[in-house]
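Below is one structure, written out as structure tokens; comments come after it.
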């Protein structure tokens, strides 16, 4: 498929199937940062209500920077991967203290922020400032594998693995760069993500053919589920370990998980009482 044919296909799909998402209605880099951090490993449908509630409470980067950590965690609970809330809070503090409240505009400065990697930096620069950068995430990966690697890759020199070879991001990035709409990267990436989301619902997930595909571990019964349950319980009121065990239907993992939550800054312990860190 030629670059022009590919671009036409994506734009035609987007015109008919564009998703109306709240973070697409803003150019505020702070609001875009919030959406990007929330969307990491979390479905859009779950993010939308949390995104609205979060910005109602912390409408500016200054308000988030000044907020108590406990307030941020309590609002985040239910979204999962709670460490992201701490990164977001630290990022806000860094922007206020180091950048005097002004959001960085360069990729280098953005990547220096806590919890902001190459993808998030590229997404902020693109969606907030309409800068033209090459980046990749799961939906974009799915699009390029589906459209440009639909046939099995050649066998290895040994003759093994025909049809099972995985696609590397290094093979996709040149294609992303070649087909990038330089004049309107903001909407172009939105179009790619919408098409990628569509593909995952209507086709066997193309990203499973990626070298970088990771199957998410089972949540039910996991330590991650227990961590979330403990945080939610303690957020309601401080309590002892025995009370936590009783209310959370916890198990032998609880003591070590409590220690980890204290060590990571989620919980504070005063004598034998656990509470959300202020």
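Values quoted throughout were computed directly from the atomic coordinates according to the rules given, and no laboratory measurement underlies them. Small disclaimer: the values here were computed from a predicted structure and weren't measured. Cβ placement follows ideal geometry from the backbone for every residue including glycine, while neighbour counts extend to all protein chains displayed.
List of remarks:
- Estimated distance in nm for a label pair at residue 68 and residue 48, the labels positioned 7 Å out from Cα along Cα-to-Cβ: 3.3
- Each peptide among 190-199, 239-248, 1-10 gets the average number of other Cβ atoms lying within 10 Å of its residues, and from highest to lowest they stand as 190-199, 239-248, 1-10.
- Of 203, 130, 82, the one that fluctuates the most in a GNM where the chain has Cα springs shorter than 10 Å: 203
- The chain: angle of helix 3-17 to the longest principal axis, Cα-based, in degrees nearest 10: 50
- Equivalent ellipsoid semi-axes, the range 1-112, via Cα gyration tensor eigenvalues times 5, rooted, Å: 30, 18, 12
- Folded to 0 to 90 degrees: helix 29-39 orientation relative to the chain principal axis, Cα: 90
- Taking 7 Å steps out from each Cα toward its Cβ at residue 21 and residue 212 produces label points 1.7 nm apart.
- Dimensionless Rg ratio for the chain, taking C-alpha atoms and the 2.2 N^0.38 Å reference: 1.15
- Pairwise FRET efficiency - residue 40 versus residue 242, Cβ, R0 = 41 Å, nearest 0.05: 0.75
- Stokes-Einstein diffusion for the range 219-278, with the hydrodynamic radius set to the Kirkwood value over Cα pairs and evaluated at 20 °C in a medium of 1.002 mPa s, equals 191 µm²/s.
- With Cα atoms, 0 to 90° folded angle of helix 169-179 axis to the chain main axis: 60
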